[in-house]
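No value in this document is a laboratory result; all are computed from the given coordinates. Keep in mind the model is a prediction, meaning the values are calculated, not measured. In this analysis, Cβ positions are derived from the backbone assuming ideal geometry, glycine residues included, and neighbour counts consider all displayed protein chains.
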Amino acid sequence: MQWLVNHMTLMPTGLLLASMAIGTAMLATVVAWLARVLLFDRLADPSEVRGTVSDVVHGSLLAFIVFVLAHVLTDVRANLGHADDQALREASVVRRLDRELKAVGDSDAQAARALLRSYVASAVTDEWKSLSTADPDLSPVTEAALTAFVGATRRVVAKHEDSASSIRTLLDRLEDSRQGRFENSTKTVPDVFWWVISFFMLAAMAMNGRYPGSWKSNFVIAIHMGVIGMVIALIVNLDEPFRGVSGISPAPLAKSVGIAVPR
């Protein structure tokens, strides 16, 4: 299931929404037809499956699906927004660090600024790619670049006590921001959710087989389940903060030290 979700994440938003709506609508129509032929039409009294108890069961299934999907959609949207805000704060920290080092102005500070640019260049290329994989992780190349920058910055701090406090604070925030990027990249919908929601979706689709197999009822079923499919597509689209077409852009971080924005 997770393999399928990972591939769907890379699809363009419009194509993902359309394909999920059409696919879910078609699947719902087929499942309802199978349930009608194999189960409901064979009952001695078909009215039994269209009574109050069946309506309660069917309504409960749909209510559960809608409630869970709405809750998960809110969570993934909040996580994406939080990750985006954190990326902007990281860019601000880098900009301030570069300004502080520029204000110091000696050769050590200039060397540290060059290493800061190298770190950012690695972060927006190597690390952004490693965070956008199915198993996100921090890049060892970027880790090495950060280590080199920290070492050079500490030499600057040792020689300039007047700037030491602000530079140390910004350096701590820089490392916290990097760790925050990693934490945000791992906050995804668990695999068990997709299995559970798939089971409830199939059950709700099967309950649609209670209704007569006219083109009008099939059309209503298709529209209903197609809309739910689009909500699932939205969750898939927003679930990976650093992946797919909705992934966070590294442009603000790259621009903070004046390097080219990666494509």
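Highest mean packing comes first when the peptides 104-115, 162-173, 221-232 are listed by Cβ atoms within 10 Å, giving 221-232, 104-115, 162-173.
Pairs of Cα atoms nearer than 8 Å and 6+ residues apart set the relative contact order; for the chain it is 45 percent. Rounded to the nearest 10 degrees, the inclination of helix 191-207 to the longest alpha-carbon principal axis of the chain is 20 degrees.
Simple point charges give the picture: +1 on the Cβ of Lys and Arg, -1 on the Cβ of Asp and Glu, and for the range 2-255 a dipole about the Cα centre of about 480 debye.
The simple Förster model, with R0 at 51 Å and r as the Cβ-Cβ distance, assigns Trp215 and Thr186 a FRET efficiency of 0.65.
Against the compact-protein benchmark of 2.2 N^0.38 Å, the Cα-based radius of gyration of the range 48-114 scales to 2.49.
Cross-link partners of Lys159 among lysines, defined as those whose alpha carbon lies under 20 angstrom from its own and excluding same-chain residues fewer than eight positions apart: Lys102. Restricting the calculation to Cα atoms, the chain yields a radius of gyration followed by a Dmax of 26.2, 92 Å. For the range 132-263, the alpha carbon positions stretch 83, 29, 25 Å along the principal axes, listed from largest to smallest.
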